[in-house]
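Since the structure comes first, as structure tokens, the remarks are kept for the end.
The values are calculated or read from the model by the stated rules, or taken from the named source; none is laboratory data. These numbers come from a predicted model, not from an experiment. Cβ coordinates were reconstructed from backbone atoms using ideal geometry, including for glycine residues, and neighbour counts include every protein chain displayed. With ligands, DNA and RNA removed, areas are computed over all heavy atoms of the protein, side chains included. Shrake-Rupley method; radii C 1.70, N 1.55, O 1.52, S 1.80 Å.
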Amino acid sequence: MTQAFRGKQVIITGGLGFIGSSLARRLVELGASVTLVDSLIPEYGGNLFNIAGFEKDVRVNISDVRDEYSMSYLVQGQDYLFNLAGQTSHMDSMRDPYTDLEINCRAQLSILEACRKRNPNIKIVFASTRQFYGRPDYLPVDERHLLRPADVNGVNKMAGEGFHILYNNVYGIRTCALRLTNTIGPRMRVKDARQTFLGIWIRLLLEGKQFEVWGGEQLRDFTFVDDAVDAFLLAAESDKANGEIFNLGGDRVVSLRDLAGMLVRANGGGDFVVRPYPADREAIDIGDYYADFSRIRSTLGWQPKVPLPDALARTLDFYRKHLEKYL
Ligand SMILES: NC(=O)c1ccc[n+]([C@@H]2O[C@H](COP(=O)([O-])OP(=O)(O)OC[C@H]3O[C@@H](n4cnc5c(N)ncnc54)[C@H](O)[C@@H]3O)[C@@H](O)[C@H]2O)c1
């Protein structure tokens, strides 16, 4: 992997966000020439502090993936596109379904059209989600599971993924998709619960306040961001990934109640309370979920390396130092 990206032109949409900026940092270390495209819409996860320390080693283009003219220009001459720009809030997608549609669905098609017309030799890795499996019929969930999105965001991300695979199959533009599960680590959004409930738990814990666990018995898996970055790089460099969809997963399965306990222990103290789900959240909740990630393990040799307690400790360490930059 170390040689594959040296001297290559790489563009990351959503590159000032949590996962995009972590990927950017790694690609700079690997010698790639990196362009970050991000709209920095305040309600979303983009943050210039995410590239603190290597801001001079990347090109930053503050533009919106909904702008077809910008994207048509930006994809030219690129070897790799990591497509991570997204509206990530499930609740926002229910309150404002059209914005979610524009970003997670329509803009994805126009990015692919830009590549088809201007740069069909590019390789694209799309940040997809496990969300649109909906309430699982069986566990662990593999890639053959029925797709039954539980919210507007899920429908639009499913279409975004579908367009990517279609452009591989019909036009031969090399694409693949990673269905991410809850991804955690330094630079995740902690201001509120828009990206994940764990973010707001971390914020409240570090502010010395009690946090709320809704439900508590739901089972989940978590990927540490560095492991997710490994998966993006492996998928980009391997032609075995072309046209494929891969689940990512975690090193273990935990209930949210146990996760809260683990977080409090990693922090050396803190307090939480378990409450019933609010009705609007319960309506779009997917219940228990954890992934079968054997397809990416056997095809690309990926598996999570960072144990969940370490992932939590590393995340808390980061926010102990930098919380004010994320509020
Ligand atoms: N974090 C997770 O647990 C998780 C799980 C499943 C899927 N994903 C997917 O991974 C991708 C990255 O997620 P993240 O966790 O880093 O979230 P994030 O919010 O930190 O990053 C997304 C970035 O996209 C940018 N963006 C949003 N709309 C844009 C637009 N119209 N034009 C340009 N930039 C725009 C945001 O400013 C932000 O920087 C998303 O597509 C998300 O759906 C994440």
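Remarks
- Part-to-part distance (alpha-carbon centres) for segment 51-107 and segment 114-175, which is given in Å: 16
- Within segment 198-228, backbone nitrogen closer than 11 Å to the virtual label 7 Å beyond the Cα of Arg275 toward Cβ: 211-215
- Charge-dipole axis of the chain as Lys and Arg at +1 and Asp and Glu at -1 on Cβ define it, positive-most pick from Ile11, Gly216, Thr129: Ile11
- Placing +1 on each Lys and Arg Cβ and -1 on each Asp and Glu Cβ, with no other charges, gives segment 195-271 a dipole about its Cα centre of roughly 360 debye.
- Rg and Dmax [Cα atoms of segment 131-284; Å; Rg one decimal, Dmax integer]: 17.4, 54
- Looking at the chain, the DSSP beta bridges with both ends there are about 5 percent antiparallel.
- Length added when fully stretched, Asp288-Lys191, from 0.36 nm per residue minus Cα-Cα: 32.4 nm
- Modelled label positions at Ser70 and Arg118, each set 7 Å beyond Cα in the direction of Cβ, lie 1.2 nm from each other.
- Of the GluC sites (Glu not before Pro) in segment 17-74, the ones in a loop by DSSP (not H, G, I, E or B) with at most 16 other beta carbons within 10 Å are Glu43.
- Residue-span extension gain [Lys209 to Leu146] - 0.36 nm each, minus C-alpha spacing: 18.7 nm
- Surface share of carbon and sulfur [accessible, 1.4 angstrom probe, percent] for the chain: 49
- Neighbourhood charge, 10 Å Cβ-Cβ cut-off, centred on Asp57 and excluding it, Lys, Arg +1 and Asp, Glu -1: +1
- If only the Cβ of Lys and Arg carry +1 and only the Cβ of Asp and Glu carry -1, the dipole of segment 216-327 around its Cα centre is close to 320 debye.
- For segment 93-220, the solvent-accessible area with a 1.4 angstrom probe is 39 square angstrom per residue.
- Over all other residues within a Cβ to Cβ distance under 9 Å of Asn47, the charged ones net out to +3, with Lys and Arg as +1 and Asp and Glu as -1.
- Distance histogram in 5 Å bins (all Cα pairs of segment 1-101, percent per bin): 3, 13, 24, 23, 18, 11, 6, 3, 1
- Charges were assigned to the Cβ only: +1 to each Lys and Arg, -1 to each Asp and Glu. The resulting dipole of segment 84-208 about its Cα centre is roughly 380 debye.
- Square roots of five times the Cα gyration tensor eigenvalues for segment 276-327, Å: 27, 25, 10
- Applying both filters, DSSP loop and at most 16 other Cβ atoms within 10 Å, to the trypsin sites (Lys or Arg not before Pro) of segment 1-48 gives Arg6.
- Derived scalar couplings between HN and Hα for segment 83-89 equal 9, 10, 5, x, 8, 9, 8 Hz in order, rounded to whole Hz, by the Karplus curve 6.51 cos²θ - 1.76 cosθ + 1.60 (θ = phi - 60°), x for Gly and Pro.
- Sites listed here are trypsin sites (Lys or Arg not before Pro) in segment 143-189 whose DSSP assignment is loop and whose Cβ has at most 11 other Cβ atoms within 10 Å: Arg144.
- Cα convex hull of the chain, projected area averaged across orientations, nm²: 14.9
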